Amino acid sequence: MYSEKVMDHFNNPRNTGDMENPDGIGHVGNPVCGDIMELYIKVKDDIITDAKFKTFGCGAAIATSSMVTEMVKGKSLADALKISNKAVAEALGGLPAIKMHCSVLAEEALSSAIDDYLKKNPTRNTDALRKLHKTPHHEETE
Ligand code: FES
């Protein structure tokens with residue numbers, strides 16, 4: 001049912017735990033299942049230099065949050081905002097259709113962390129970033 005990569009990131013999640021003095025904190029929850037995800041980022045010169053997460057949720061939510069923290073490191077804020085839940089699921093070798101909604105949590109946690117950073121650093125919030133924030137791009141089914 002799950003790909004090897006999903007099982008790997010579920011059994012050995014990368015970048016878990018607290019981050020000291022994060023520049024942005026994302027906090028999201030799935031109202032249907034009640035799962036919760038927190039994602040922390042460090043940002044320097046509009047580049048995400050580090051990312052960590054804590055997920056209280058299902059295996060797919062843990063695997064996708066682990067993968068998204070790997071994917072964002074070294075990316076600009078603009079490129080990070082373009083990461084869709086589908087891209088995260090694909091990087092994991094796919095997710096069963098009924099678990100695609102779990103990957104939405106990872107995309108939203110990242111977006112929420114970037115949002116928090118931009119609220120704390122309004123001078124970094126460009127029109128282009130505002131536009132990206134307003135463009136929902138997640139897909140719940142494959
Ligand atoms: S079942 Fe809740 S995020 Fe997966």
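Read-outs throughout are calculated quantities, based only on the coordinates presented, and are distinct from any laboratory measurement. Model, not experiment: these values are computed from the prediction. When we count neighbours, we look across all protein chains shown, and the Cβ atoms used for this are built from the backbone with ideal geometry, even at glycine.
Would you check if there is a residue in region 52-59 being crowded, with 16+ Cβ neighbours inside 10 Å, of a type in the set (Lys, Arg) and on the phi < 0 side of the Ramachandran plot? Outline the logic, then answer.
Restricting attention to region 52-59, the residues satisfying the condition of being crowded, with 16+ Cβ neighbours inside 10 Å are 52-55, 57-59.
Restricting the remaining residues to those that are of a type in the set (Lys, Arg) gives 52, 54.
Keeping just the survivors that are on the phi < 0 side of the Ramachandran plot gives 52, 54.
Yes, the conditions are met somewhere in region 52-59.
Could you grab me the full set of residues in region 77-117 that are away from the ligand (no atom under 12 Å from the Cβ) and either without any contact (Cβ under 8 Å) to a residue 24 or more places away in the chain or not in a helix (DSSP H, G or I) (or both)?
Result: Asp79, Lys82, Ile83, Ser84, Ala87, Glu90, Leu92, Gly93, Gly94.
Say we look at region 18-74 and pick out the residues that are out of contact with any helix residue (DSSP H, G or I) (no Cβ under 7 Å at 6 or more places or on another chain), of a type in the set (A, V, I, L, M, F, W, C) and assigned to a strand (DSSP E or B); which of these is farthest from the ligand (Cβ to nearest atom)?
Applying the filter and picking the extreme gives Ile47.
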